[in-house]
Amino acid sequence: MSKETVLISGGAGYIGSHTTVALVEAGYDVVVIDNFSNSEAGAIEGVEKILGRKITFEKIDTCDKDALRGVFERHQFNTVIHFAAYKAVGESMAEPLKYYQNNLVSFMNIVEMMKEFNRPSILFSSSATVYGDAETLPVTEQTPRQPATSPYGNTKQIAEDILRDCCRAYERLYGIALRYFNPIGAHPSALIGELPRGVPNNLLPFVTQTAAGIRERLSVFGNDYDTPDGTCLRDYIDVVDLAKAHVAAVDRMTAGKMDEKYEIFNVGTGSPVSVLELLTRFEAVNDLKLPYTIVGRRPGDVPAVWADTSYANKVLGWKAERPLDDTLRAAWAWEKRIRNIK
Ligand code: WQD
């Protein structure tokens, strides 16, 4: 007996596809929409192979309000998880309008359709980037957000505020924002994973592409930070653990257990890892050598950020479990599969 149906926008994406698997495995039915602007149909095939069954998918651009209205007319669901957004920090600096239009129009369309169709629960994909260069570490959900350092980060802050204000104003609307730290890894089946378009911005996909010989050498952006080994500290959370946090949040909303109409949760491991630590662990667990060079700092990088996860642990009953070594093995297994490397 299915629990409920959940609409997943951007469900062919990296976090969205893993969350779709986790939701179905938890007994939910899903309706997945995606416009494939930063994902591929292969992700849906991978999800269906893992689940051993077809899922309901529609190719929809969430910026197209009429198309989105059709989804709400055709399908009954109380909960929406909104992933659909552009997420490349560097690109957002060069193309701010593209990011504000896509990320905010799509989100406002979702909230508007929920209000129009009286659907109660929305789970929003936010980011630890809203904390910027936090004064105190680890960051809690009460740590003040810093002014965004990129249009991408600003779209996350603005969308959080839109959700907060709409949950306050609209009686039936409840919302949860999950602030992801650094999602990494791939499903253990190696049937779904991260598929960055072009040159990867993020660390681990650049590492796996270097290991695969697609990139000649990894640049480590700075080792003169005030950290134990001089490289930046981040909270790298396994994507399967992250997906399970979404299931816990959906469970909370569908059970009507929320304490407030709008709640925020940090979703991380609570354990900081440096760039060099991640590299050396990746080499060790996958028994390979990575060519890398220490270069200058990347503008906009913060020296360190990691989560205090006690609120999510306690209130969602969720905790990151996957050891980093398993995550790094899975990331390499995924890269080898998509590159046909034995
Ligand atoms: C991590 C560390 C780099 C690449 C961003 C967004 C965040 C989320 C995750 C979208 C930093 C270093 C990286 C490389 C390197 N994105 N690095 N060489 O910047 O912490 O977070 O991505 O949801 O919202 O802000 O992640 O993986 O880019 O960088 O040395 O080739 O790895 O300097 O210290 P970041 P990242």
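The values are calculated or read from the model by the stated rules, or taken from the named source; none is laboratory data. Remember, it's a predicted structure, so these values are computed and weren't measured experimentally. In this analysis, Cβ positions are derived from the backbone assuming ideal geometry, glycine residues included, and neighbour counts consider all displayed protein chains. Keep in mind that these areas ignore ligands, DNA and RNA; they rest on the heavy atoms of the full protein, side chains included. Shrake-Rupley method; radii C 1.70, N 1.55, O 1.52, S 1.80 Å.
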| note | segment 133-227: relative contact order from alpha carbon pairs under 8 Å, six or more residues apart, as a whole percent, is 10 percent
| note | With the 1.4 Å probe rolled over protein heavy atoms, segment 121-269 has an accessible area per residue in Å² of 39 Å²
| request: Of the listed pairs LYS261/LYS314; LYS3/LYS156; LYS115/LYS319; LYS244/LYS342; LYS54/LYS319; LYS156/LYS261, which have alpha-carbon separations greater than 26 Å here? | output: LYS3/LYS156; LYS115/LYS319; LYS244/LYS342; LYS54/LYS319
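What accessible area per residue comes out for segment 1-114, rounded to a whole number of Å², with a 1.4 Å probe?
Details: 4650 Å² over 114 residues.
About 41 Å² of surface per residue is accessible.
About its Cα centre, how strong a charge dipole does segment 22-73 have in debye, to the nearest 20, once Lys and Arg get +1 and Asp and Glu get -1 at the Cβ?
Working: 6 positive and 11 negative charges, 24 e Å.
Computed about the Cα centre, the dipole is about 120 debye.
If we count GluC sites (Glu not before Pro) as exposed when they sit in a DSSP loop and have at most 10 other beta carbons within 10 Å, what is the longest stretch of the chain that avoids them all?
Details: sites that count: GLU135, GLU171, GLU216.
Here the longest run is 1-134.
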| message | Counting only Cα atoms, I'd like the Rg/Rh figure for segment 1-75, Kirkwood definition for Rh. | response | 0.95
| said: Once neighbouring chains are kept in place and the probe is 1.4 Å, which whole percent of the accessible area of segment 20-154 is contributed by carbon and sulfur? | reply: 49 percent
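If each residue of separation counts as 0.36 nm, what is the full-extension length gain between ALA67 and ALA255 once their alpha-carbon separation is subtracted? Mind dumping the intermediate values first?
On the way: separation 188, 0.36 × 188 = 67.68 nm, distance 2.95 nm.
My answer for the length gained is 64.7 nm.
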| task | Evaluate segment 42-137: find the radius of gyration of its Cα atoms, find its Kirkwood radius, and give the ratio Rg to Rh. | result | 1.03
| task | Note the angle between two axes, namely the Cα long axis of helix 324-338 and the longest principal axis of the Cα atoms of the chain, as a number of degrees from 0 to 90, rounded to the nearest 10. | result | 80 degrees
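Remind me, relative contact order of the chain in percent, using alpha carbon pairs under 8 angstrom and six or more residues apart? Walk me through the intermediate numbers first.
Values: 666 pairs, mean separation 63.9, N = 342.
The value is 19 percent.
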| field | Other-chain or far-sequence residues with amide H under 5 Å of TYR292's (modelled H) | value | LEU218
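Once the other residues with Cβ under 12 Å from the Cβ of LYS336 are scored (Lys, Arg +1; Asp, Glu -1), what is the net sum? Present the calculation step by step, with values, prior to reporting the outcome.
Numbers: positive: ARG329, ARG337, ARG339, LYS342; negative: GLU335.
Net local charge, LYS336 excluded: +3.
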| field | Of all accessible heavy-atom area on segment 291-333, the percent that carbon and sulfur account for (1.4 Å) | value | 54 percent
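Taking 0.36 nm per residue of separation and subtracting the Cα-Cα distance, what length does fully extending GLU135 through LEU290 add? Don't skip to the end; give the middle numbers.
Numbers: separation 155, 0.36 × 155 = 55.80 nm, distance 3.36 nm.
Full extension of this stretch gives 52.4 nm more.
Determine by what factor the alpha-carbon radius of gyration of the chain differs from 2.2 N^0.38 Å, reporting the quotient.
Numbers: Rg = 19.2 Å, N = 342, 2.2 N^0.38 = 20.2 Å.
Here the Cα radius of gyration is 0.95 times the empirical estimate.
Indicate the gyration tensor shape class of segment 32-73 (rounded, prolate or oblate), computed on the Cα atoms with a ≥ b ≥ c the square roots of the eigenvalues: a/c under 1.5 is rounded; otherwise a/b larger than b/c is prolate and the rest oblate.
Working: a/c = 4.95, a/b = 1.73, b/c = 2.86.
Oblate shape, in that a/c is at least 1.5 and b/c is the bigger or equal ratio.
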| note | So TYR170 and ASN202, fully extended at 0.36 nm per residue minus their Cα-Cα distance, gain in nm 7.8 nm
| remark: Expressed in nanometres to one decimal, the distance between label points 7 Å along Cα→Cβ at GLN76 and ASP325 is 5.0 nm
| Cα centroid separation - segment 238-286 against segment 182-198, whole Å | 15 Å
| Between segment 27-103 and segment 111-171, how many Å separate their Cα centres? | 19 Å
